[in-house]
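Let me begin by presenting the structure, written as structure tokens, before commenting on it.
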Amino acid sequence: MFCFQCEQTAGCSGCVGKAGVCGKTAVTAGIQDRLTGALIGLARASEGKDRSPEADRIIVKGLFATLTNVSFDDNALNELLEEAGRLKDSLSPMCGSCTADCGRTEDFDMNRLWSEDEDIRSLKSLILFGMRGMAAYAYHAMVLGHEDRGVMDYFYKGLFAVGYDGYTVQDLLPIVMELGAVNLDCMAMLDRANRQAFGIPSPAQVSLTVEPGPFIVISGHDLHDLKLLLEQTRGKGINVYTHGEMLPAHAYPELRKYSHLKGNFGTAWQNQQKEFADLPAPVLFTTNCLMPPKSSYSDRVFTTALVSYPGMVHIDGRKDFSPVIQKALELGGFREEMTLPGINGGTMVTTGFGREAVLAAAGTVAEAVRTKELRHIFLVGGCDGARPGRNYYTDFVKQTPEDTLILTLACGKYRFNDLELGSLAGIPRLLDMGQCNDAFGAIQVAIALAEAFGCSVNDLPLTLVLSWYEQKAVCILLSLLHLGIKNIYLGPTLPAFLSPAILGYLVEQFEIHPISTPEKDLAMILA
Ligand code: FSO
Ligand code: SF4
């Protein structure tokens, strides 16, 4: 196997051998490569033809299923592979019987990509991995009934580009940057979809204490699945607790109206094997960041949508969560109140500072900057992960001076979201804007502040300090670069899939700084 798509890749260069660091086996990695090759074949066969909604959907699902920590299930991946092949054959029925060697509609052999010239491989990897991230957002919007023609067009274009031999570095660079622009549209679509379905988020205090009695833990990003679970558990004496990236759900009026949506259990995804050990409750995974379950809790792991793990119960598209509910009743929950504190010992966190809430305070923020009460704003966000160097983000936030604000989003916030950082100009110093896709909201806030100050985003007293792990971070980074945002601090390591030349180009062009130490970086930013 060969895979180097995520931050924890072996030796900071690539997972090879029998299994990856995430637990994905060589067999599964091979099927994921074949699936990606089949999607490229489908994109090629679709050129100049009327595309079908089925083909659009299989492309979104197939890309999402190959994102890190989503599908470990060979059968589920093979089903997607067969479906992609069937749709391709229906577009080009003659190709099945043709023996000519034109290659136009063939599935792509991903080994050709992995052995390409390193700069071409880097740019094609940026396109492929960025599309996998964007597909997750497109999928969440799709289940809420929202689709975007431009986003779909890009998936076909990007897949074609990954499989096309004739592109040079100069040809591929604009396709990479275009992905940043399209992903912005995709995140905007999801932002609209979430707000239409669940209302405008507003700040919410969330307890980290679990009440006695049966409960269900729900993880991932899919708010629609949470809504369905809350409906199905209503009046059954079962409480529901969010986990990981589901925490911002507490901010949406259409979700927090359910009194049995109680609080949050656990910290970021990489701690699940420890935190779920012997949990007297089932855990439902709705998107990614599933780790191979340990035997101490494997009988209580349930998956849905594209998340899948062999041997775990999968809830299919009809979304009948009865097996999860049954398991919650059977296990019975804790006998007494149980608090799992955050990593800094806090027992309460705040979320829900979506773009509307932050923009409502924009006047206060602008005034505080003018009067020098507020010196600087940091956006410290992105993914969490297991690498020890990620303590940087906790230490960075702890060391930020009291006349600074910290915006955060995505699961990297679990490094510091239980800290009590006080307030500034009547606003809490730490503002959780939501999930990783709420980067769209953070960008809107930055643009509004730049307008208020009559300057560019790069001239604001604002610095982005980002942590990456998987492929959604890739498409978000490309969106930031597309907007011309410079001086981003990025860590904990730089992507292994970037060649020295492409990395050098991005670092130079966008003045990206690899993180060093909180002391040095803070001194440089505030100088
Ligand atoms: Fe985290 Fe996982 Fe949202 Fe990612 S839970 S790491 S960027 O999947 O998606 O922030
Ligand atoms: Fe390795 Fe990450 Fe690929 Fe898993 S997803 S095999 S950890 S590079």
At 1.002 mPa s and 20 °C, Stokes D of region 461-501 from Kirkwood alpha-carbon radius, µm² per second: 192
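By average Cβ neighbour count within 10 Å, what is the ranking of 108-118, 15-25, 267-277 from highest down? Please list the in-between numbers first.
Values: 108-118: 15.2, 15-25: 17.0, 267-277: 19.8.
Packing order, densest peptide first, comes out as 267-277, 15-25, 108-118.
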How far is the Cα center of region 101-171 from the Cα center of region 397-417, in Å? 34
Please arrange I502, I427 by counting, for each residue, the other beta carbons lying within 10 Å of its beta carbon, fewest first. I427, I502
Among Y469, Y414, H482, which residue has its Cα furthest toward the positive end of the charge dipole of region 395-527, with +1 on Lys/Arg Cβ and -1 on Asp/Glu Cβ? Y469
Would you mind checking region 208-222 for residues with the amide N under 16 Å from a putative spin-label position 7 Å along Cα→C-beta of E337? 208-213
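On full extension of the chain, what length is gained from E508 through Q232, given 0.36 nm per residue of separation minus the C-alpha to C-alpha distance? Intermediate values should be presented prior to the final figure.
Details: separation 276, 0.36 × 276 = 99.36 nm, distance 5.24 nm.
Taking 0.36 nm per residue and subtracting the Cα distance, the gain is 94.1 nm.
Can you give the extra length, in nm with one decimal, that the chain gains between K319 and S13 once fully stretched, where that is 0.36 nm per residue apart less the Cα-Cα distance?
Details: separation 306, 0.36 × 306 = 110.16 nm, distance 3.91 nm.
The span from K319 to S13 would gain 106.3 nm if fully extended.
Taking 0.36 nm per residue of sequence separation and subtracting the Cα-Cα distance, how much length would be gained by fully extending the chain between Q273 and K372, in nm to one decimal?
Computed gain between Q273 and K372 is 31.1 nm.
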Kirkwood-Stokes translational diffusion coefficient of region 311-422, alpha-carbon pairs, 37 °C, 0.692 mPa s, µm²/s: 186
Suppose each label sits 7 Å from its Cα in the direction of the beta carbon; what would the V143-L359 distance come out to in nanometres? 2.7
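Any idea what the relative contact order of the chain is, in percent, if you count C-alpha pairs under 8 Å spaced at least 6 apart? Kindly include the intermediate steps, with their values, before the conclusion.
Details: 1037 pairs, mean separation 91.6, N = 527.
The value is 17 percent.
Based on DSSP, what percent of beta bridges with both residues in the chain are antiparallel, to the nearest 5?
Details: 12 of 48 bridges.
Roughly 25 percent of the beta bridges in the chain run antiparallel, per DSSP.
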With 10 Å bins from zero, work out the P(r) of region 173-214 over every alpha carbon pair and list the percent per bin. 22, 24, 24, 19, 8, 2
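Under the definition of Cα pairs under 8 Å and six or more residues apart, what whole-number percent is the relative contact order of region 225-342? Let's see the in-between values first.
Numbers: 145 pairs, mean separation 27.3, N = 118.
About 23 percent, as a whole number.
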Could you compute the FRET efficiency for Q326 and N75, with r as their C-beta to C-beta distance and R0 at 30 Å, rounded to 0.05? 0.80
By what distance, in whole Å, do the Cα atoms of the chain stretch along each of the three principal axes, largest value first? 72, 57, 41
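Calculate the FRET efficiency for A181 and R104 from the Cβ-Cβ distance with a Förster distance of 30 Å, rounded to the nearest 0.05. Could you put the intermediate results ahead of the total?
Numbers: r = 28 Å, r/R0 = 0.94.
According to the calculation, E is roughly 0.60.
For a footprinting-style exposure proxy, rank S71, S202 by other Cβ within 10 Å, fewest first.
Working: S71 27, S202 15.
Lowest count first: S202, S71.
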With 10 angstrom as the radius, rank Y258, Y156, Y164 by how many other C-beta atoms surround their C-beta, starting from the fewest. Y164, Y258, Y156
Kirkwood-Stokes translational diffusion coefficient of region 259-359, alpha-carbon pairs, 10 °C, 1.306 mPa s, µm²/s: 103
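How large is the convex hull of the Cα atoms of region 132-260 per residue, expressed in Å³ as a whole number?
126
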Over region 1-98, what is the mean sequence separation of C-alpha contacts under 8 Å (at least six apart), divided by residue count, expressed as relative contact order in percent? 27
Three principal axis extents, largest first, for the C-alpha atoms of region 107-183, in Å? 40, 23, 16
Where does each of 233-240, 80-87, 460-467 land if you order them by average Cβ count within 10 Å, highest first? 460-467, 80-87, 233-240
Report the Cα-based extents of region 1-131 along its three principal axes, largest first, to the nearest Å. 46, 32, 25
Between region 301-352 and region 187-216, the alpha-carbon center distance in angstrom: 15
Percent of C-alpha pairs per 5 Å bin, region 391-527, short to long: 2, 9, 18, 23, 24, 16, 6, 2, 0, 0
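All of the numbers you see were taken from the coordinates with simple rules; none came from a lab. Since this is a predicted model, take the numbers as computed values, not measurements. Note that we place each Cβ from the backbone using ideal geometry, even for glycine, and neighbour counts take in every protein chain shown.
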